[in-house]
Amino acid sequence: MLTNQEMQKELKKVDKKLEGTFREVCPTRKRGMIELNKRDIESRMNRLENEEKLTKEESAYLNALKNTRMALSSATKDNIDVSIFEAKTKLSIGMYELKELV
């Protein structure tokens, strides 16, 4: 179980990785970084999905990760930057919702 503050730190780490992916120039490396980000998000999600009863904070954290992963999954060669920006936006919304629960 993570505390609210720990969940916020985890989301900030994901945001930092997405920012690095967004700034990458090479499209091949960018696609590779997206795959790494998706795996990282899935591993973070797996920690909580096994729990039977989630608190409101954990549920908000899990939803933020799910929405971010879905946005990254929609990335194609043509819309890669848009998908990364959408993922960052969904993550920011999730971070805000988590902060509001404090």
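The values are calculated or read from the model by the stated rules, or taken from the named source; none is laboratory data. Not measured: the values here are computed from a predicted model. No Cβ is skipped: glycine too gets one built from the backbone with ideal geometry, and neighbour counts run over all protein chains shown. Please note that ligands, DNA and RNA were not included when accessible areas were found on the heavy atoms of the full protein model with its side chains. Shrake-Rupley method; radii C 1.70, N 1.55, O 1.52, S 1.80 Å.
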Tally time: how many residues in region 32-46 are open to solvent by 40 Å² or more (accessible area, probe 1.4 Å), touching a residue at least 12 places away in the same chain (Cβ under 8 Å) and more than 11 Å from L72 (Cα to Cα)? 1
Any idea which residue in region 15-29 is least open to solvent (accessible area, probe 1.4 Å), counting only those that are in a helix (DSSP H, G or I) and more than 22 Å from T89 (Cβ to Cβ)? T28
So which of K12, K53 is in contact (Cβ under 8 Å) with a residue 60 or more places away in the chain, more than 14 Å from A87 (Cβ to Cβ) and open to solvent by 40 Å² or more (accessible area, probe 1.4 Å)? K12
Can you tell me which residue among A75, A60 is surrounded by 12 or more Cβ atoms within 10 Å (Cβ to Cβ) and in a helix (DSSP H, G or I)? A60
M70 fails exactly one of the following numbered conditions: (1) buried (at least 16 other Cβ atoms within 10 Å of the Cβ); (2) at pLDDT 90 or above. What is the number of that condition? (1)
Return the pair list, or none, for Cβ contacts closer than 7 Å from residues in region 68-93 that are in contact (Cβ under 8 Å) with a residue 12 or more places away in the chain to residues that are of a type in the set (V, I, T) and loosely packed, with under 13 Cβ neighbours inside 10 Å, at least 6 apart or on different chains. none
